[in-house]
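Peer 1: Structure provided below as structure tokens; questions to follow.
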Amino acid sequence: MSCHTVCVDFELGPFFDRYAERYMESDAETVADMCEIPFLALRSGEAFHLPDREAVVAHFAVNMLAYQSAGADRADIVDIEVQEQGTEAVLATVHWHVRAADGTMIRDFRTSYQLVAADPWRILSYVNHDVVTRE
């Protein structure tokens with residue numbers, strides 16, 4: 001993993017390692033604990049406004065199930081780019097490789113996470129860098 005940061009005080013590797021571990025274990029409860037409520041997610045051009053913890057847990061559980069169904073075993077961090085936004089917020093773009101147990105690539109993608117309240121960091125929102133084709 002490489003990490004490009006605007007401010008070296010923001011070491012986010014361990015945070016996203018834990019996020020990936022819990023995500024791949026389908027632990028929606030713990031992933032939700034890493035989030036700010038209300039929460040905003042943007043996937044495939046669609047905004048999901050999640051007003052409470054129950055909605056956040058349900059959102060992650062559905063996505064975790066999709067990864068599990070696709071055979072995902074692990075999510076590796078390729079790179080993290082961090083943009084400082086004062087002392088209590090950052091925008092972190094993570095390049096992920098999701099792989100099956102045999103190492104086969106399932107998904108290669110980037111997601112940007114708005115993080116707040118550095119002690120501990122909490123995810124306020126995320127945006128998947130999807131390419132959406134509209135007809």
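Residues are listed down the side, and each one gets a yes or a no for (1) over 16 Å from residue 19 (Cα atoms); (2) under 11 Å from the mean Cα position of the chain (by Cα):
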| residue | (1), (2) |
| --- | --- |
| 66 | yes, no |
| 71 | yes, no |
| 78 | no, no |
| 89 | yes, no |
| 96 | no, yes |
| 106 | yes, no |
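Peer 1: Quick check on the stretch 45-52. Is at least one of its residues assigned to a helix (DSSP H, G or I) and touching a residue at least 12 places away in the same chain (Cβ under 8 Å)? Show your work before the answer.
Peer 2: Initial filter on the stretch 45-52 (assigned to a helix (DSSP H, G or I)): none.
Within the stretch 45-52 (the criterion being assigned to a helix (DSSP H, G or I) and touching a residue at least 12 places away in the same chain (Cβ under 8 Å)), the answer is no, since none of the residues qualifies.
Peer 1: Within the bounds of the stretch 40-47, is there any residue that is within 14 Å of the chain's Cα centre (by Cα), at pLDDT below 95 and on the phi < 0 side of the Ramachandran plot? If you could, list the steps in order and put the result at the bottom.
Peer 2: Keep residues of the stretch 40-47 that are within 14 Å of the chain's Cα centre (by Cα), which gives 40-43.
Filter once more, keeping what is at pLDDT below 95: 43.
In the following step, the residues that additionally are on the phi < 0 side of the Ramachandran plot were identified as 43.
For the stretch 40-47, residues within 14 Å of the chain's Cα centre (by Cα), at pLDDT below 95 and on the phi < 0 side of the Ramachandran plot: present.
Peer 1: Another question about this same structure. Restricting the first residue to the stretch 14-38 and requiring it to be more than 18 Å from residue 125 (Cα to Cα), which pairs with a second residue that is hydrophobic (A, V, I, L, M, F, W, C) and not in a helix (DSSP H, G or I) meet a Cβ separation below 6 Å and a spacing of at least six or different chains?
Peer 2: 24/75
Peer 1: Test of understanding: among 28, 20, 89, 72, which residue is in contact with a Phe, Trp or Tyr (Cβ under 7 Å, 6 or more places away or on another chain), small (Gly, Ala, Ser), crowded, with 16+ Cβ neighbours inside 10 Å and at negative phi? Give the derivation first.
Peer 2: Numbers: 20 fails: in contact with a Phe, Trp or Tyr (Cβ under 7 Å, 6 or more places away or on another chain); 89 fails: in contact with a Phe, Trp or Tyr (Cβ under 7 Å, 6 or more places away or on another chain); 72 fails: in contact with a Phe, Trp or Tyr (Cβ under 7 Å, 6 or more places away or on another chain).
Step by step, each of 28, 20, 89, 72 is checked, and only 28 is in contact with a Phe, Trp or Tyr (Cβ under 7 Å, 6 or more places away or on another chain), small (Gly, Ala, Ser), crowded, with 16+ Cβ neighbours inside 10 Å and at negative phi.
Peer 1: Look at residue 99 and say whether it is among the basic types (Lys, Arg), without any contact (Cβ under 8 Å) to a residue 40 or more places away in the chain and surrounded by 14 or more Cβ atoms within 10 Å (Cβ to Cβ). Before you say what the answer is, go through the steps one by one.
Peer 2: Working: among the basic types (Lys, Arg): yes; without any contact (Cβ under 8 Å) to a residue 40 or more places away in the chain: yes; surrounded by 14 or more Cβ atoms within 10 Å (Cβ to Cβ): yes.
In short, yes.
Peer 1: For the structure I just gave you, tell me whether residue 59 is of a type outside the set (A, V, I, L, M) and either at pLDDT below 95 or in a strand (DSSP E or B) (or both).
Peer 2: Details: of a type outside the set (A, V, I, L, M): yes; either at pLDDT below 95 or in a strand (DSSP E or B) (or both): no.
Considered against the rule, which asks whether it is of a type outside the set (A, V, I, L, M) and either at pLDDT below 95 or in a strand (DSSP E or B) (or both), residue 59 comes out as no.
The values are calculated or read from the model by the stated rules, or taken from the named source; none is laboratory data. Here the structure is a predicted model, which means the values were calculated and not measured. In this analysis, Cβ positions are derived from the backbone assuming ideal geometry, glycine residues included, and neighbour counts consider all displayed protein chains.
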